[in-house]
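Rule-based calculations on the coordinates, nothing more; no lab input. Just so it is clear, the model here is predicted, and its values are computed rather than measured. Using ideal geometry, Cβ is built from the backbone for each residue, glycine included, and neighbour counts are taken over all protein chains shown.
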Amino acid sequence: MTEEVPISASERDDIVRIAREAIVNAATHGAARKVTVSLEPEDDRVALRIRDDGCGIGIDEMPARIGYGLRSMHERAAALGAQLTTRERLDGGTELELLMP
């Protein structure tokens, strides 16, 4: 059974744009072959997670690598009152997590 995710139309638009940018980044910059996207309720918030099997984002170099796409994802997340986290996965690739109140 699939649980409905309680979000407004404008929140949905921002979430879709964040997800699309993360997927494009995974393919373009990370050379990912597989990207997994999940959007589900979690406790009292909504969680978007995007995981890929690419080369990773290079967290140590992160401040130097923040381009327009990643910056716009952070701005959208802030406008939603959400927390956006990007991290390298232990098994390779990158995970982006958006937690909305």
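For R89, the residues 5 or more places off, or on other chains, whose built amide H falls under 5 Å of its own are T94, E95. Once the Cα-Cα distance is subtracted from the 0.36 nm per residue extended length, the R20 to R45 segment shows a gain of 6.9 nm. Compared with the direct C-alpha span, the chain from E4 to E75 gains 23.0 nm at full extension, assuming 0.36 nm per residue. Computed from phi, the 3J(HN,Hα) profile of the range 18-27 under the Karplus parametrisation 6.51, -1.76, 1.60 (θ = phi - 60°) reads 5, 4, 4, 5, 5, 5, 4, 4, 4, 6 Hz, with x in place of Gly and Pro. The GNM of the chain, with springs linking C-alpha atoms under 10 angstrom apart, assigns the highest mean-square fluctuation among R71, R51, R87 to R71. Ellipsoid semi-axes for the range 9-100, based on the Cα gyration tensor and the rule √(5λ), read 21, 15, 12 Å when sorted largest first. Taking label positions 7 Å along the Cα-Cβ direction at both D91 and R12, the computed distance is 3.2 nm, reported to one decimal. Here's how it looks for V46: its modeled amide H is under 5 Å from those of M100, which are all 5 or more places away or on a different chain. Rounded to whole numbers, the Karplus 3J(HN,Hα) couplings from phi for the range 72-81 are 5, 5, 5, 5, 5, 4, 4, 5, 7, x Hz, using 6.51 cos²θ - 1.76 cosθ + 1.60 with θ = phi - 60°, and x at Gly and Pro.
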